[in-house]
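**Q** Quick one: this structure, given as structure tokens, is what I'll be asking you about.
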Amino acid sequence: MANKENPTETAATPIITLRHVDKHFGQLHVLNDINLSVKKGEVVVIIGPSGSGKSTLCRTINRLETVDAGEIMIDGVAMPQEGRHLAEIRAQVGMVFQAFNLFAHKTILDNVTIGPIDVLHKPKKEAREEAMQLLKRVGVDQQAAKVPAQLSGGQQQRVAIARALAMHPKAILFDEPTSALDPEMIGEVLDVMTKLAADGMTMVIVTHEMNFARQVADRIIFMDAGSILEENTPEQFFTHPRTQRAQDFLNSIKNH
Amino acid sequence: MLGRIGKSRAMRILSTILIEFTRGVPTLLFIYFFLLTAPQFGLKLSAFWKITAPVAISAAGVVAETLRSGVNAVPKGQTEAALSLGMRDGHVFFKIVFPQAFRYVIPALISELVIVLKDTTFAYVVNYADLMQNSRVLISNHDALLSVYLVTALIYIVINFLLNKISVALAGRNGIPQSVIRQSQEGTDNYGK
Ligand SMILES: Nc1ncnc2c1ncn2[C@@H]1O[C@H](COP(=O)(O)OP(=O)(O)OP(=O)(O)O)[C@@H](O)[C@H]1O
Ligand SMILES: [Mg+2]
């Protein structure tokens, strides 16, 4: 997806916009007046302590979580509450989950083709050919005929990325894509993501992999207790964070 | 079953009542209803339907509950992944959730089929009158009666045995061996490439 379009258009409409987004889980104020805008081709990494609302933020962007107030726009179009139109907009935003969530009853190939066939109404043959290319791109084309349970975690997560790519999304959301992986498999998934970023994919990534974040991010978002406390360049954030909370958080990880 | 997991509150309540009612009331009561009460309201059924209808009704509740438990056993992430691809609710259910739910509950459904089969023995209630008429003949042939029972029992055992065999074959033919289904449910996946 290495198709950077002309820069004036890039500047004009952000791919993802959140304005004054608020959300409660009962008493808990899980998202507190979140404002965020992600430009085309930008890689935004969200960092923060456990329970700070990173996953919830990620999931509100394609409305897997509803919000109490505020506005979410994808490529300039407000996210509707439900129905056909919501599905259409969701199709434009890929999502990669911590637990992979590959369809357990379908083969690897079918996992990648179901979106294009069912949602985009692509001819089966065309969908299969493209799926094979994508599987090759993430290095799991040899496994196409297997079911997810027969693959390693790292392989499954790469299939999940291929499944998202098959929809030609305007952006992909990653919620801790490597947290469920054994250490030796983390690298293979991060490599695929690094390549995607280099190809110009718009990405929002929640991760605890600080080296990866520093290397791949255009911008770091630091969250705590439901609020965005700091937005910064990776260089600045990791060397001279503006907030004490961010400094404490970075120290706490370093000590591990 | 769809009603009970669906979005509409009224539908949910209505199907819950229906399911709990059909599940909670013994089959025999339903049979008496169709046999004795229904004709009073002008509902005249053949002997076949007098046994089929009540057995079907009480089985339907159990089957609905079984399917629902299967649907609930499918991890939420499966639905979320499908939604995030832009699949519509109906497609998510029928292409992603239900096929997996059905695989989980095949064994339970087959056991229910066995129960249904046994329930058909209640047919004797429907033909109660006939049986009374013939009872004198039967009683006078006590030995014969016993062997009739034995033969009948044998037929039921054979049919149920076959049903169980079919259930195992069906589960296998669905592509995914049960052990693999369980594996993927637990989300563990670290066995080799
Ligand atoms: N469905 C839910 N119902 C109630 N509370 C929830 C729900 N989902 C999340 N929460 C709570 O909301 C808060 C934020 O959760 P969230 O998963 O967004 O945090 P996170 O930053 O992703 O944390 P982690 O790093 O552990 O993944 C937590 O306190 C969590 O317990
Ligand atoms: Mg999280």
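Residue by residue, here is whether (1) within 30 Å of A:GLY26 (Cβ to Cβ); (2) touching a Phe, Trp or Tyr at 6+ places or on another chain (Cβ under 9 Å); (3) within 16 Å of ligand 2 (Cβ to nearest atom); (4) without any contact (Cβ under 8 Å) to a residue 24 or more places away in the chain holds:
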residue: A:ASP199; (1), (2), (3), (4): no, no, no, no
residue: A:HIS208; (1), (2), (3), (4): yes, no, yes, no
residue: A:GLN244; (1), (2), (3), (4): yes, no, no, yes
residue: A:ASP248; (1), (2), (3), (4): yes, no, no, yes
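**Q** Working only within segment A:95-104, note down all residues that are hydrophobic (A, V, I, L, M, F, W, C) and at the interface with another protein chain (Cβ under 7 Å from one of its Cβ atoms).
**A** A:MET95, A:PHE97, A:ALA99, A:PHE103, A:ALA104
**Q** Here is a follow-up. Give me the residue from segment A:67-94 that is part of a loop (DSSP other than H, G, I, E, B) and in contact (Cβ under 8 Å) with a residue 24 or more places away in the chain and, out of that set, farthest from the other protein chains (Cβ to nearest Cβ).
**A** The residue in question is A:ASP68.
**Q** Condition first: away from ligand 1 (no atom under 15 Å from the Cβ), at positive phi, in contact (Cβ under 8 Å) with a residue 40 or more places away in the chain and of a type in the set (Phe, Trp, Tyr). Can you find one or more residues in segment A:102-109 that meet it? It would help to see each step written out before you state the result.
**A** Let us first name the residues in segment A:102-109 that are away from ligand 1 (no atom under 15 Å from the Cβ), namely A:102-109.
Subsequent filtering for residues that are at positive phi retains none.
Taking every residue of segment A:102-109 in turn, none turns out to be away from ligand 1 (no atom under 15 Å from the Cβ), at positive phi, in contact (Cβ under 8 Å) with a residue 40 or more places away in the chain and of a type in the set (Phe, Trp, Tyr).
**Q** So which residues in segment A:105-124 are over 17 Å from A:GLN155 (Cβ atoms) and either crowded, with 20+ Cβ neighbours inside 10 Å or at the interface with chain B (Cβ under 9 Å from one of its Cβ atoms) (or both), if there are any at all? Steps first, answer last, please.
**A** Filtering segment A:105-124 for residues over 17 Å from A:GLN155 (Cβ atoms) gives A:105, A:113-124.
Listed by number, the residues that qualify are A:HIS105, A:THR113, A:ILE114, A:GLY115, A:PRO116, A:ASP118, A:VAL119, A:LEU120.
**Q** Give segment A:165-185 a look and list any residue that's hydrophobic (A, V, I, L, M, F, W, C), outside any loop (DSSP other than H, G, I, E, B) and at pLDDT 95 or above, or say none.
**A** The answer is A:LEU165, A:ALA171, A:ILE172, A:LEU173, A:PHE174.
**Q** What is the residue count in segment A:210-225 for residues that are within 16 Å of ligand 2 (Cβ to nearest atom) and either within 26 Å of A:GLN92 (Cα to Cα) or β-branched (Val, Ile, Thr) (or both)?
**A** So the count comes out to 4.
Here is a yes/no grid of residues against (1) within 16 Å of ligand 1 (Cβ to nearest atom); (2) more than 13 Å from every other protein chain (Cβ to nearest Cβ):
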{"position": "A:LEU134", "(1), (2)": "no, yes"}
{"position": "A:LEU165", "(1), (2)": "no, no"}
{"position": "A:ALA180", "(1), (2)": "yes, no"}
{"position": "A:GLY226", "(1), (2)": "yes, yes"}
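The values are calculated or read from the model by the stated rules, or taken from the named source; none is laboratory data. This is a predicted model, so every value here is computed, not measured. Cβ sites come from the backbone with ideal geometry, for glycine too, and all protein chains shown count toward neighbours.
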